[in-house]
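Working notes, structure below.
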């Protein structure tokens, strides 16, 4: 999706981004959502720091995300999976305590965009985002379509220093 609110005279600032797939069943070969995000991140001109799959376990996931937040070289973490309404969906429980500030608008806007695609089923998405230690964390559903909706409709613009009137780049740690 084009950045329709881009300042054509501004300079693009590439970010250092980690992609984490939350799943008990996916492998590198079957992880279409993680692969989509990796491709989107690199196509946009950002640097992929790490891509990994983590079991949908509260403490294992929290440890991975906390490590990225503490890492001076990681400015953004994109998570896919674990945001639904089953007992194995632990992303909200794992990540929420790590956030210094919540970005309520991300979940709200994601569900609004998603409604156009999947109707009222979008209410079962607990997509959310926040800031912690100068790192932005976006937590998206596990389907490739949901990742595409989030990336194209929100994340790409908010991680683009040229997007106006505002984006999150100036709020992230400098590397």
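The values are calculated or read from the model by the stated rules, or taken from the named source; none is laboratory data. Keep in mind the model is a prediction, meaning the values are calculated, not measured. Neighbour counts run over all protein chains shown; Cβ positions are idealised from the backbone, glycine included.
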- Given (1) buried (at least 16 other Cβ atoms within 10 Å of the Cβ); (2) modelled with pLDDT under 95; (3) over 21 Å from residue 52 (Cα atoms), index of the condition residue 89 fails: (3)
- Query: Assuming residue 166 fulfils every condition listed in (1) under 28 Å from residue 5 (Cβ atoms); (2) under 13 Å from the mean Cα position of the chain (by Cα) apart from one, which condition is it?
  - Reply: (2)
- Message: Going by what's in this entry, would residue 85 be described as farther than 18 Å from residue 41 by Cβ and in contact with a helix residue (DSSP H, G or I) (Cβ under 7 Å, 6 or more places away or on another chain)?
- Response: yes
- Item | Matching option when the condition is touching a strand residue (DSSP E or B) at 6+ places or on another chain (Cβ under 6 Å), free of Cβ contacts under 8 Å to residues at least 40 places away in the same chain and surrounded by 16 or more Cβ atoms within 10 Å (Cβ to Cβ), among 129, 150 | 129
- Message: I want to confirm something. Restricting to region 62-86 and keeping residues that are exposed (fewer than 14 other Cβ atoms within 10 Å of the Cβ) and touching a residue at least 60 places away in the same chain (Cβ under 8 Å), which single residue is nearest to residue 23 (Cα to Cα)?
- Response: 70
- Unique match (being within 18 Å of residue 74 (Cα to Cα) and loosely packed, with under 15 Cβ neighbours inside 10 Å) among 45, 34: 45
- Task: Would you point out which residue out of 155, 137 is under 11 Å from the mean Cα position of the chain (by Cα) and over 16 Å from residue 101 (Cα atoms)?
- Result: 155
